[in-house]
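Below: one structure, written as structure tokens.
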Amino acid sequence: MERRSFFKIVGTASGGLLTGACGKQARQIIPLLVPEQEIVIGEEEWHPSVCRECSAGCGTIVRVMRAEREVKRGNDTVRERIAAVKKIEGNPLDPVSGGALCARGQAGVQALYHPDRLRGPMKRSGQKGDGAFEAISWDSAIDSAASALKSALDKDPSKIVYLARPQAGTRSATTAAFLKGVGAPAPISAALNDFEIERKAAEAVFGWNGLPVYDLQDSDYVLGVGADFLGGWVSPVFYARRFGQLRQGRVGRRGRLIQAESRLSLTATSADRWLPVRPGGELAFALAVGHVLVEENLLPASVKPPSGIREGFAAVSLDTAARMSGLQVAQIRQVARELAQAEAPVVVSGASVVQTNSLDAVIAANALNLLLGSVGRKGGVIPPSAGLIDDAYEKSRPDRDDLFKRLDSAQVVLLDGVNPAYTLPGTAKLLAKVPTVLSFSPFLDDSAAYADLILPDHAGLESAAAVIPSVAPEAALTGAGPVVRPLYETRATEQVLADIGKKLGKEVTVETPQSAYQSIFAQLKPAGDWTDAGEFAQDCQRQGGWWTKIDRKAPAASKSVAKPAVPQLSDAVFQGGAGEFPYYFQPYPSVQFGDGSGAHLPWMQELPDPASSAMWGLPVEIDPQSAAKLGLANGQAVRVVSPQGSIEAAVYVHPGAIPGVLSMAIGQGHKHYGRFASGQGANPLEIAAPVFEAQSGAFAFGATRVRIEKLRAEGGLVQFSMADREPDLHRR
Ligand code: SF4
């Protein structure tokens, strides 16, 4: 569809959309989503928006039905105008989603109509962590928040800790402006996996500032190393679309995918060949492949990698590296030869499960692209476009810092879009002793339970925002206006920050999509027939963002030239001795819930897990040999014990699991997160060792060893797939 035609479809409505939100009728999710018979037939409208369920930043379009319905008011029947969101789809103009959306994006409707959304500001009325709160007014909430911040600012501003998601856009820019304005330190990223490892590795090898973009659709041979790019890594919709092109987008040319990963992930399942590396063996594998490329002189003569790269790979001992990776030398030689024979090979590397040596692993895999001449060319790895549109937004992206040290001495902690009490073991204890915790969560979640005040944000569909997608093929700023009026007495966090700033005597400018578009117009002078910034902003608003190829050098050009070096061979470090704790334990972000933030949505709870087909619960995955040795059958209850503690879960005997490696998807086991997630299943992160990758500060949530103990015959595993439900299947 042409952009201009699309403008016509959405253009009539995107300015206004605020008529008659259904307000008090939203007592449950179901009535607004299913029974159309209650709604008098109305006119449908589609409005551009942006998905905020993860940091990929997919552009969406939202179907809104305006209509009337009859409702009972006491003894009276009254007709009421409503505007109900019925459906979310991908925005066909958006270069990230391209009109597609993942299941979490679709379930964004339920985040709006969720029955457990907070209705207004709340003050703690019980012990920290209990989750007991009482309603207060916004005036009183803003006064209390401002007074706590003032007292910390007067004593020691460094004791204010703002924990946020690692996404760049209008929210991060407003937050940065607020913190700078009041004199507090910059925000800290507190997400489970903010791809800091991938960013650092791209900077170290390519000199790029941001996440590399892998041009899968123009490649003919993709080697994935540790990155589950069809599962939940970086931008699943974007990479799934590109993967589709690799496979079926070119007549007579089907690209191949070889995946080296320590788990049979969604990407590994879709690969032509899966190479089951040991947990933490990705570094050894990448080094071994590079060694074979150099040793067998397989490299194209035209490619001149930076000095030291060939030598670095040549110095690796192939036998040792192969042993450490858990693969055979022959398997490694085969991959290296296939890479060398491919016309457009590319190595996609990441840390879907972070280990203590993950940064080195991604650096080594990136360096393979240098050897192959796959950098900056079609079908290879291309520079990030993040930062092309507005460097100020990119710079406002929360960074890693010494989170635990800062929390340990904090006076005031602000929680914005993160749930560290769930994702980072040990955080809950620290939050419990912070004098004032403020949360902007729209739900009472595990971390908000430790808050003194909750100042609930609007749902995504009720608020305006523009975000820079985590990866995009071109410069992109994807924006959304409010699609419906707020259902409750919530308030946009940007506005709350401005309100608090005002109380502290500081004017905070709230960044909006309109201000972002106007700034693009002023800075970049985009080519087009717009007469002024206002008209340009209106067009961007109508199409849902601004995406363009900018004739400007990538941010790499402004960075100091990288001097990449091949890392040394090293093993990952694991907590727990192999005698007492014989199994590697790999928690991994789930397709349904990501880092756990999607667990409150019932559609996501209903979605069968891609590995086990489990619903309403996530099992621990064990290989058939180990299960037989322990006398475990599918569905039994087990206790998984690590040096940090233990959890109880059902066991899934996974025919594709690597012997000696237990994996468990992250998402369940919330203490507080609404009726659909609270008390449901177990959180594998609870028993993960608090170990961090040294240079990036990323939480190495795969760095734990465990043992497994048999409990009951019935573990409450609910599986969708008939084969997996067969009770004797894994006993034979
Ligand atoms: S990949 Fe992320 S941003 Fe895109 S639709 Fe899915 S949850 Fe939303």
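The values are calculated or read from the model by the stated rules, or taken from the named source; none is laboratory data. Computed from a predicted model, the values in this text were never measured in an experiment. Glycine gets a Cβ as well: all are built from the backbone with ideal geometry, and neighbour counts include every protein chain shown.
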Only one of 623, 609, 595 is without any contact (Cβ under 8 Å) to a residue 60 or more places away in the chain, within 22 Å of residue 227 (Cβ to Cβ) and assigned by TED's automatic domain parsing to the domain that holds residue 691, namely 609
Count of region 492-507 residues which are over 24 Å from the mean Cα position of the chain (by Cα) and closer than 17 Å to residue 458 by Cβ: 6
Looking at region 188-200, can you tell me whether even one residue there is more than 30 Å from residue 369 (Cα to Cα) and over 13 Å from the mean Cα position of the chain (by Cα)? yes
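Of all the residues that make up region 267-283, how many are surrounded by fewer than 20 Cβ atoms within 10 Å (Cβ to Cβ), in contact (Cβ under 8 Å) with a residue 24 or more places away in the chain and touching a helix residue (DSSP H, G or I) at 6+ places or on another chain (Cβ under 9 Å)? I'd like the intermediate steps shown before the answer.
Taking region 267-283 as the starting set, the residues that turn out to be surrounded by fewer than 20 Cβ atoms within 10 Å (Cβ to Cβ) are 269-270, 272-273.
Still in the running and in contact (Cβ under 8 Å) with a residue 24 or more places away in the chain: 269-270.
Filter once more, keeping what is touching a helix residue (DSSP H, G or I) at 6+ places or on another chain (Cβ under 9 Å): 270.
Final tally of qualifying residues: 1.
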Residue list for region 43-60, filter: closer than 17 Å to residue 541 by Cα and either more than 11 Å from the ligand (Cβ to nearest atom) or assigned by TED's automatic domain parsing to the domain that holds residue 211 (or both): 45, 46, 47, 48
Checked 373, 426, 460 against criteria (surrounded by fewer than 24 Cβ atoms within 10 Å (Cβ to Cβ) and in contact with a Phe, Trp or Tyr (Cβ under 8 Å, 6 or more places away or on another chain)); the one match is 426
Quick check on residue 288: is it under 21 Å from residue 570 (Cβ atoms), within 16 Å of the ligand (Cβ to nearest atom) and touching a residue at least 24 places away in the same chain (Cβ under 8 Å)? no
Just for strands (runs of 3 or more DSSP E) wholly inside region 569-648: which have at least 1 residues that are more than 26 Å from residue 713 (Cβ to Cβ)? 583-589
For region 125-147, state whether one or more residues are farther than 25 Å from residue 599 by Cα, within 32 Å of the chain's Cα centre (by Cα) and modelled with pLDDT under 95. no
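Of all residues being of a type in the set (Asp, Glu) and in a helix (DSSP H, G or I) in region 388-443, which is modelled with the highest pLDDT? Just the residue, please.
408
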What residue, among those in region 220-251 that are surrounded by fewer than 17 Cβ atoms within 10 Å (Cβ to Cβ) and over 15 Å from residue 344 (Cβ atoms), is farthest from the ligand (Cβ to nearest atom)? 251
Can you pull out every residue in region 61-113 that is closer than 14 Å to residue 237 by Cβ and either away from the ligand (no atom under 16 Å from the Cβ) or in a loop (DSSP other than H, G, I, E, B) (or both)? 91, 92, 94, 95, 96, 97, 98, 99, 100, 101, 102, 107
